[in-house]
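The values are calculated or read from the model by the stated rules, or taken from the named source; none is laboratory data. Because the structure is predicted, anything quoted here is derived from the model rather than measured. Here the Cβ positions follow ideal geometry from the backbone for every residue, glycine too, while neighbour counts run over all protein chains shown.
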Amino acid sequence: MIIIHNAKIFNGKKILEDNSILVEKNIIKEVGKKITSKHCKDYLDAKKNFLMPGLIDAHFHVNTPNYNFYESDRHPKSYIAAHAYNILVDTLNRGFTTIRDAGGGDQGIKMAIDQGIIDGPRFFYPGKALTQTGGHGDMRKKEFIESCACAYNGNITKVVDSSDEIRKHVREEFRKGANHIKIFLSGGVSTNLAPLEMAHFSDEEILTAVEEAERRNSYVMAHCHTDEGANRCVDLGIRSIEHGSLIKAKTAKRIKKNNVYVVPTLSAGELIAERAKDLGLEDETLQKVKEVNKLRNKAIEYCHKAGVKLGLGCDLHGREYLKTQCRELLLRSQVQKPIEVLKSATSINAEIVQMENKLGVIKENALADVIIIKGNPLNDLSIFMNSKENLLFLMKGGLIKKRLLN
């Protein structure tokens with residue numbers, strides 16, 4: 001049991017007048033003013049610093065060690081797992097107590113986290129992301145000729161064509177414990193495997209994935225940059241639109257009306273625009289990214305104005321580049337007020353991973369994922385970018401992972 005007092009509390013939705021919380025085992029038992037308990041021997045003075053729920057990243061890649069997707073999707077699983085270990089430990093230490101994987105995350109990673117083999121964030125995963133032949137997730141270069149017409153099946157993505165193949169794969173991923181399903185609905189910017197505007201899958205194929213997810217009380221997240229693709233997502237029952245870089249005002253209103261989430265991923269485009277050569281990416285990719293980057297903030301503006309619930313995700317790859325994970329919050333503050341960005345990174349992302357009122361909030365009976373950050377992020381979200389110094393306290397599930405306060 002621990003009581004944290006003298007804090008400025010953001011509960012995932014608003015600033016509270018309360019200044020204390022009591023944590024017992026893995027649960028927040030009480031939120032109030034000057035809480036005391038004769039049974040508690042551990043009191044922590046927050047010194048009026050900012051206490052809030054642990055951050056949640058709703059578009060994360062744990063199984064890609066770098067930006068050479070053609071190779072990393074084929075690396076030995078043991079090699080991928082070694083990289084994943086470092087990625088997950090670092091991510092928790094930045095204050096992210098929960099992540100939602102966007103392709104490739106599997107039951108082995110979750111087992112290792114749940115059993116304490118990896119000291120990482122809570123982990124929600126889809127298994128392999130689904131792409132059609134020749135789609136954005138089909139990691140075969142155009143000049144690569146295979147000796148057979150076998151469907152591509154990598155570490156992170158799997159090629160499926162036809163409703164029957166999709167149904168079988170989705171059922172298999174759920175059998176293995178997947179929390180959600182990921183599919184590709186448009187081309188991408190990080191590869192030249194498919195044109196950005198190319199529509200992926202037939203309506204029937206997408207509806208099959210949605211139907212099977214709903215059987216499991218789950219949902220489908222869809223990689224989708226284009227406005228046309230976003231409208232298909234709304235029409236076909238997709239719950240979470242990933243990227244949404246080219247969404248227009250009219251579409252944003254439809255997204256809101258149908259209670260669909262959008263998870264922008266600004267860090268990825270920013271990194272590629274800055275370091276395409278270092279990442280080994282082609283000039284064509286760099287040009288495509290620059291064009292998308294010009295429009296992405298406008299898409300966020302349209303969604304925010306329409307009242308769309310915006311999640312937050314970085315979509316970065318590899319331990320080295322994930323060091324800039326917290327920049328996602330700062331980039332979003334170019335479009336939204338800091339408190340709206342913090343809502344995205346906490347309570348809204350908790351809704352997306354189907355853990356509303358359990359994660360992403362500071363309230364009674366919520367899971368005790370708590371961080372204390374030095375200063376006030378409502379004035380300056382850049383303080384998250386130096387988490388080594390500014391993250392003063394970190395708790396995941398009631399277990400203290402970092403404590404620089406007494």
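Scanning region 256-285 for residues that are among the hydroxyl-bearing types (Ser, Thr, Tyr) and in a helix (DSSP H, G or I) returns Ser267, Thr285.
Residue-by-condition table, conditions (1) in contact with a Phe, Trp or Tyr (Cβ under 9 Å, 6 or more places away or on another chain); (2) touching a residue at least 40 places away in the same chain (Cβ under 8 Å); (3) among the basic types (Lys, Arg):
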site: Asn192; (1), (2), (3): no, yes, no
site: His200; (1), (2), (3): yes, yes, no
site: Glu214; (1), (2), (3): no, no, no
site: Asn231; (1), (2), (3): no, no, no
site: Ser240; (1), (2), (3): yes, yes, no
site: Gly244; (1), (2), (3): no, yes, no
site: Leu266; (1), (2), (3): no, yes, no
site: Val289; (1), (2), (3): no, yes, no
site: Arg296; (1), (2), (3): no, yes, yes
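Would you please name the residue that is farthest from Asn68 (Cα to Cα), looking only at residues in region 291-344 that are more than 18 Å from the chain's Cα centre (by Cα) and among the charged types (D, E, K, R)? The qualifying residue farthest from Asn68 (Cα to Cα) is Lys305. The residue that is modelled with the lowest pLDDT, counting only those in region 17-62 that are surrounded by fewer than 19 Cβ atoms within 10 Å (Cβ to Cβ) and of a type in the set (A, V, I, L, M), is Ile35. Scan region 327-360 for residues that are of a type in the set (S, T, N, Q), under 27 Å from Ile181 (Cβ atoms) and outside any helix (DSSP H, G or I) and the total you get is 2.
When the residues of region 1-10 are narrowed to those that are in a strand (DSSP E or B) and in contact (Cβ under 8 Å) with a residue 60 or more places away in the chain, which ends up farthest from Lys396 (Cα to Cα)? Top of the filtered list is Lys8. Could you give every pair whose Cβ atoms fall below 6 Å, whose first residue belongs to region 126-138 and is over 16 Å from Arg74 (Cα atoms), and whose second residue is at pLDDT 95 or above and among the small types (Gly, Ala, Ser), counting only separations of at least 6 or pairs across chains? Pairs found: Pro126/Ala178.
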